[in-house]
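For reference, the structure is listed below as structure tokens.
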């Protein structure tokens, strides 16, 4: 969807939120995968490289989390607020899919 259509439909911020959420989920997966690989490392050299990558992955996750908190997309310390945001996003997705079917 192009920017003009997103703006007319009021979906610009929602799209940003969806992209940021997807990035956060991917960052969490990256941390998890690095940690698993680290536990399977066979040599000290490989372990050292994986530890560096894990540190970078955790830092990246922190940056994405901070961005999302600043934008109001992510409330890790306020579960009810996060639930409200997640519920609104799911409702918007359902409404969008229903509109496309009609």
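Sequence-distant contacts, meaning Cα pairs under 8 Å at least 6 residues apart, place the relative contact order of the stretch 22-97 at 26 percent.
Can you work out the FRET efficiency for the pair residue 18 and residue 49, with r the C-beta to C-beta distance and R0 = 30 Å, to the nearest 0.05?
Details: r = 33 Å, r/R0 = 1.10.
It comes out at approximately 0.35.
With R₀ set to 22 Å, the beta-carbon distance separating residue 33 from residue 66 gives a calculated FRET efficiency near 0.55.
Read the figures in this text as sums done on the coordinates, not as results from a lab. For clarity, every value in this text was computed on a predicted model and none was experimentally measured. When we count neighbours, we look across all protein chains shown, and the Cβ atoms used for this are built from the backbone with ideal geometry, even at glycine.
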